[in-house]
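K.L.:
Questions regarding the structure given below will be posed in turn.
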Amino acid sequence: MSEPAPLILTLQMDAAAFATFDGLRRRHFPEALNHIPAHATLFHHLPGEDAAGVTETVTALARTQSAPDVAVTGVRFTGRGVAYVLESEALSAFRGRIAAAFREHLTAQDRQGWRPHITVQNKVAPDTARALHAALSQDFRPSHFHAPGVLLWRYLGGPWERVATIAFGDAA
């Protein structure tokens, strides 16, 4: 019997920010590979065998957290794609509390330094990515969005299945 698929935790964006970033992702991410909506990943691999426990722990931590404002501070070239850079001290602290709660279960990817971002293009030729990076950088203006909560997903080998929507304390 195989282990249950891992859980992924992403940031929930307010409706306007989600529409903007998901629109960019739909426009620039290779259609055949774009199985999921625009997102900012907090954790790539939480224990899939304990979805109820993960949901309970994240919910308890989210209840003590005010919904953060997240700054969009730049456009990053990733080699074969483009992402928007995010910054939020409150969100970083929240992620740190979750990392502490699951420290024994974290993969190397989730233990390494966290660089929050929203990928709008990936898995394209470097020249294609450079061209989009140049275009998006030229028009870029720093902005902010409100993050009312987090989303817990089960990884299904490409697409994801939503397991839970968890509101921050003052957004519940």
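K.L.:
Looking at (1) surrounded by fewer than 19 Cβ atoms within 10 Å (Cβ to Cβ); (2) of a type in the set (Val, Ile, Thr); (3) within 17 Å of the chain's Cα centre (by Cα); (4) farther than 22 Å from Ala135 by Cα, which is the only condition Val58 fails?
P.N.:
In the conditions (1) surrounded by fewer than 19 Cβ atoms within 10 Å (Cβ to Cβ); (2) of a type in the set (Val, Ile, Thr); (3) within 17 Å of the chain's Cα centre (by Cα); (4) farther than 22 Å from Ala135 by Cα, Val58 misses (1) alone.
K.L.:
If I ask for residues that are assigned to a helix (DSSP H, G or I), open to solvent by less than 100 Å² (accessible area, probe 1.4 Å) and either of a type in the set (S, T, N, Q) or without any contact (Cβ under 8 Å) to a residue 40 or more places away in the chain (or both), which ones from the range 122-143 would you list?
P.N.:
Passing the criteria: Thr128, Ala131, Ala134, Ala135, Ser137.
K.L.:
Considering each of Thr73, Thr107, Thr119, Thr78 in turn, give the residue that is exposed (fewer than 13 other Cβ atoms within 10 Å of the Cβ), of a type in the set (S, T, N, Q) and either in contact (Cβ under 8 Å) with a residue 40 or more places away in the chain or closer than 20 Å to Thr10 by Cα (or both).
P.N.:
Exactly one of Thr73, Thr107, Thr119, Thr78 is exposed (fewer than 13 other Cβ atoms within 10 Å of the Cβ), of a type in the set (S, T, N, Q) and either in contact (Cβ under 8 Å) with a residue 40 or more places away in the chain or closer than 20 Å to Thr10 by Cα (or both), namely Thr107.
K.L.:
Of all residues in the range 1-12, count the ones that are open to solvent by 20 Å² or more (accessible area, probe 1.4 Å) and either over 19 Å from Val163 (Cα atoms) or not charged (D, E, K, R) (or both).
P.N.:
6
K.L.:
Also: Please state which of the following conditions Phe94 fails to meet, knowing it meets all the rest: (1) within 16 Å of Leu152 (Cα to Cα); (2) open to solvent by 20 Å² or more (accessible area, probe 1.4 Å); (3) under 16 Å from the mean Cα position of the chain (by Cα); (4) not β-branched (Val, Ile, Thr).
P.N.:
(2)
K.L.:
Can you name the residue in the range 129-168 that is β-branched (Val, Ile, Thr) and in contact with a Gly (Cβ under 9 Å, 6 or more places away or on another chain) and is also farthest from Glu31 (Cα to Cα) among such residues?
P.N.:
Within the range 129-168, the match that is farthest from Glu31 (Cα to Cα) is Ile166.
K.L.:
Just give me the residues in the range 64-108 being of a type in the set (Gly, Ala, Ser) and either in contact with a His (Cβ under 6 Å, 6 or more places away or on another chain) or assigned to a loop (DSSP other than H, G, I, E, B) (or both), in sequence order.
P.N.:
Scanning the range 64-108 gives Ser66, Ala67, Ala71, Gly79, Gly81, Ala83, Ser88.
K.L.:
Go through (1) more than 15 Å from the chain's Cα centre (by Cα); (2) in a loop (DSSP other than H, G, I, E, B) and name the single condition Trp114 misses.
P.N.:
Looking at each condition in turn, Trp114 falls short on (1).
The values are calculated or read from the model by the stated rules, or taken from the named source; none is laboratory data. What you see is a predicted model; the values in this text were computed from it and never measured. For neighbour counting, all protein chains shown are included, and Cβ atoms are generated from backbone atoms with ideal geometry for every residue, glycine included. Each accessible area value is taken on the protein alone, full model and side chains, heavy atoms only, with ligands, DNA and RNA left out. Shrake-Rupley method; radii C 1.70, N 1.55, O 1.52, S 1.80 Å.
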